[in-house]
Structures are given as structure tokens and as C-alpha cells.
Amino acid sequence: MQKSDDFSAWTGAAAPEGATLVGRYARLEKLSAEHHAAGLHAAFAGPEELWEFMPWGPFPSEDDFRDWVASYEANPDFCYYAICDALSGAPLGKASLMRINPAHGVIEVGGITYAPALQKKPAATEAMMLMMRWAFENGYRRHEWKCNALNLPSRRAAQRLGFSYEGTFRQHMVVKAKNRDTAWFAITDKEWPELSAAYDTWLSADNFDADGNQIQRLSALTAPHRVASDPMI
């Protein structure tokens, strides 16, 4: 972690290679058409709203989805992970490290899709934490989250996770023949130690009762460490 404003010795961050990331609830494996496409396509089946704010999808057939996975598996600009249940190994979601800029220590998490079986589960939160932890432990100074400004669930998720709101880029993209304004969020390396401790507290076994309900809310633990809040949330 770069702790001063003197960057004369700065050598940049490490490029991600897709190393497996393992937590209590989630296991992140480099996304593979061979190993994950069938399971993910089945897990994603049903709710087309999963793809509402994505530039691609839905995928009518497993072959369509397999081809999409294969295209990103071979793209060096993205490091996609399959988010798997730590116990069963079943793939239930995907997310990518992207817009990777090791020279400046900046990286983004995006392309996040959670199957219904993963949504609002500890594994979903832990997956994001594991990707953040990898980034900051490997020299990144800034971890970004961007989403369609109309995607209020994504904006809520970013704030809950401790990302600070940095503004909205108007008319940023055209996606699926519609204008997209983009809301920007980020966590910096200076904020990460406190946020990491908040994650450890929230993910600990004693933060969940016998029925699996949280005792402390993650949003309450991260709120003191956010630099700015989203005015839409």
C-alpha cells in the first residue's frame, strides 16, 4: 500500500492472473467456458431482469452463454471470476476485474451477475470482499464500481459495501439502444484497512444467528468509512 504522496519509488501494481480466491462462504475461480458455463446458465435461468442493465444478455441457450464466456475468457482486458458456493462448488454468479491499469494502481469490479440462489447471501458479499482484498494486497490504490445511474439496486450495493459516491457521468454510453448515465463509486487504499475490518466483523460466524440472519448490518459498519454518500440512496 502506498502510504505517502511521494511516488518516486512507485513501480505499479500487479496484473491479475485469475488466482483462485477462497473465503468462508464463497470460492472464486477464473471463469471457464468448460467448467462453469453450463452451471451458470442453469443458475441464471428465469429472471430476465438479471440482464436489464447489462450490455449483453439474456442468453436463450447454453451455447449462446458458453460462447459469451469463451469470448471473455480469452480477453486479456478482463479477469472474470465464477462465484461458487464454498461448500458445494456450484457456480452461482460471475464478476470481473476490468479497466485494469497497473501503472496507476486503478482497477474496477464489474460485470456482476448473481443468480437468485446467491442474491442477499453472505457469499455474495464475501465475493466482493475477496476481489477487493486481492486488489489492495497487490498494489492497487483505487478500486472502482460503476453502474447505470438508473440501477438503484447496484447503487445501494456499492454504498453498502463501502464504496464512496463520486458523481454521475451524464450521457456516458449508449447501451441496448438507450442512453446510459453512469454513477461512479470507489474505495481507495487509505480507506481499505478500516473497511477490511468491517468486512471481517460482518462475515464472522458470530454475526449470524441460528437462522442465518445478520446481527450487525454491513451498511452500518461501512458508513463511518465512506467519504461521500449517494444522494439517490
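The values are calculated or read from the model by the stated rules, or taken from the named source; none is laboratory data. Computed from a predicted structure; not experimentally measured. Heads up, the Cβs are rebuilt from the backbone with ideal geometry, glycines too, and the neighbour counts pull from every protein chain shown. In case anyone asks, the SASA skips ligands and DNA or RNA and just uses the protein heavy atoms, side chains included. Shrake-Rupley method; radii C 1.70, N 1.55, O 1.52, S 1.80 Å.
No other residue among Phe59, Phe53, Phe78, Phe7 is hydrophobic (A, V, I, L, M, F, W, C) and touching a His at 6+ places or on another chain (Cβ under 9 Å) apart from Phe59. Filtering the range 89-110 to residues that are open to solvent by 10 Å² or more (accessible area, probe 1.4 Å) and in contact with a Pro (Cβ under 8 Å, 6 or more places away or on another chain) leaves only Ile100.
Restricting the first member to the range 185-207 and to residues that are more than 30 Å from Asn148 (Cβ to Cβ), and the second to residues that are at pLDDT below 95 and open to solvent by 10 Å² or more (accessible area, probe 1.4 Å), the beta-carbon pairs closer than 9 Å and six or more apart or on different chains are Pro193/Met1. Applying the criterion of being modelled with pLDDT of 95 or more and among the basic types (Lys, Arg) to the residues of the range 1-32, the residue that is surrounded by the most Cβ atoms within 10 Å (Cβ to Cβ) is Arg27.
Under the condition of being farther than 15 Å from Ser154 by Cβ, touching a residue at least 40 places away in the same chain (Cβ under 8 Å) and among the β-branched types (Val, Ile, Thr), the residues counted in the range 92-130 number 2.
For beta carbons closer than 7 Å, sequence separation of 6+ or different chains, a first residue in the range 63-82 that is within 12 Å of Ala33 (Cβ to Cβ) and modelled with pLDDT of 95 or more and a second that is among the small types (Gly, Ala, Ser) and not in a helix (DSSP H, G or I), the qualifying pairs are Tyr80/Ser96; Tyr80/Gly111.
Conditions tested, residue by residue: (1) surrounded by 19 or more Cβ atoms within 10 Å (Cβ to Cβ); (2) polar (S, T, N, Q).
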residue: Leu118; (1), (2): yes, no
residue: Thr125; (1), (2): yes, yes
residue: Arg133; (1), (2): no, no
residue: Gly139; (1), (2): no, no
residue: Cys147; (1), (2): yes, no
residue: Asn151; (1), (2): no, yes
residue: Leu161; (1), (2): yes, no
residue: Arg170; (1), (2): no, no
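Only residues that are in a helix (DSSP H, G or I) and buried (at least 17 other Cβ atoms within 10 Å of the Cβ) were counted in the range 172-195, giving 2.
Filtering the range 83-113 to residues that are assigned to a strand (DSSP E or B) and either of a type in the set (S, T, N, Q) or touching a Lys or Arg at 6+ places or on another chain (Cβ under 6 Å) (or both) leaves Cys84, Ser96, Asn101, Val106, Glu108, Thr113.
Please go through the range 97-153 and pick out each residue that is hydroxyl-bearing (Ser, Thr, Tyr) and touching a Leu at 6+ places or on another chain (Cβ under 9 Å). Give the steps one after another, and end with the answer.
Filtering the range 97-153 for residues hydroxyl-bearing (Ser, Thr, Tyr) gives 113-114, 125, 140.
Those that are hydroxyl-bearing (Ser, Thr, Tyr) and touching a Leu at 6+ places or on another chain (Cβ under 9 Å): Thr113, Tyr114, Thr125.
Of all residues in the range 121-153, which are among the small types (Gly, Ala, Ser) and more than 20 Å from Ala26 (Cα to Cα)? Correct list: Gly139, Ala149.
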